Amino acid sequence: MSETNAQYERDGYLIDLAERLRAHGLPADRVEATVTDLAAHLEESGAEDAEAEFGPADEFAAQLVPATGERAPRAPGEAVETWRWTADTYVDEELLNRFGDEGWEVERVDALGRFVSHRDPAQPQRWEYRRELVTRGRERLDERLAPDGWEACGTWVVYAWFKRPRAASLGPAARVESPPPVPERSGFFSRKFYALLAALALAVVLAGVSVAVDDGEASSGAGFVVGLLAGAGAVAAVVWALQLWRGRRRP
């Protein structure tokens, strides 16, 4: 096959794919970004046959549309696995990407800070994730990351998490052929996290001892410690209430 004919067939495949994506309701900017990524992949890999690389355009479009956030209607009774889990910020990105490779897509972060994840048992697709610190509103962050295909999937206090499907870069390889079972655990906390908790607990105890020594009474130190713990609990309750309120306002 000549280079000219190969280029013509690649372009024809991508044009056909773009039309099918638009027919599925994918926004024009997402169609353009997806097709551009696929064209770059073909150039980098040197693949001459786009259909052999990605599969028939109609089937590949059907894979890409649900994976990029456009939800096709599900048939009544169609099974979807759901899993809620949490992790500290020392390990959350690593775990999100590990579980994303197993086909878990994070839909949102709930009021308790858990990742609410779904997976289609029939056609699980790989996802990748990143976490960002939210300092001046999330709108600018969304605008900055959207051109690269990142889509917001949850916020918690000062953090925001983003996801994007790996189908645009991996093609058919983005499908998880043999997904592992749903993990039995729902909490993943690192040694650094436990060390931080221990350090905070020790600081509270030392502060109580210091107050008791200054006052000459153990009860004053105990009262100080209880006050600190109550204050921390009140702050945690306010944060939880705000997250719950925001979650209920989310359409």
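The values are calculated or read from the model by the stated rules, or taken from the named source; none is laboratory data. The structure presented is a predicted model; accordingly, all values stated were derived computationally and were not measured. We work out accessible area using only protein heavy atoms, side chains counted, and drop any ligands, DNA or RNA first. Shrake-Rupley method; radii C 1.70, N 1.55, O 1.52, S 1.80 Å.
Kirkwood radius, segment 88-134, all distinct C-alpha pairs, inverse of mean reciprocal distance: 11.2 Å. Less than 5 angstrom separates the built amide H of Thr86 from those of Phe115, Gly187, Phe188, all sequence-distant by 5 or more or on a different chain. Binning the C-alpha pair distances of segment 102-156 at 5 Å intervals from 0 yields a P(r) profile of 4, 17, 23, 24, 18, 9, 3, 1, 0 %, listed from the shortest bin outward.
Give the accessible surface of segment 117-207 per residue, rounded to a whole number of Å², with probe radius 1.4 Å and ligands, DNA and RNA excluded. Show your work: numbers first, answer last.
Working: 5490 Å² over 91 residues.
Per-residue accessible area for segment 117-207 comes out at 60 Å².
Across segment 88-103, coupling constants 3J(HN,Hα) worked out from phi with the 6.51/-1.76/1.60 Karplus curve, θ = phi - 60°, read 7, 6, 6, 10, 5, 5, 4, 6, 4, 6, 5, 6, x, 5, 8, x Hz, and Gly and Pro carry x.
Please report, as a whole percent, how much of the solvent-accessible surface of segment 124-169 comes from carbon and sulfur atoms (probe radius 1.4 Å). All intermediate terms of the calculation are to be shown ahead of the outcome.
Numbers: 1070 of 2430 Å².
On segment 124-169, the fraction of accessible area on carbon and sulfur atoms equals 44 percent.
Amide hydrogen proximity for Tyr159: with H placed 1.01 Å from N in the peptide plane, the residues at 5 or more positions away or on another chain lying under 5 Å are Val134. With bins 10 Å wide beginning at 0, the percent of Cα pairs of segment 95-198 falling in each bin runs 14, 41, 33, 12, 1. The HN-Hα couplings worked out from phi for segment 173-181 by the Karplus form 6.51 cos²θ - 1.76 cosθ + 1.60 (θ = phi - 60°) are 5, 6, 7, 8, 6, 10, x, x, x Hz, whole numbers, x standing for Gly and Pro.
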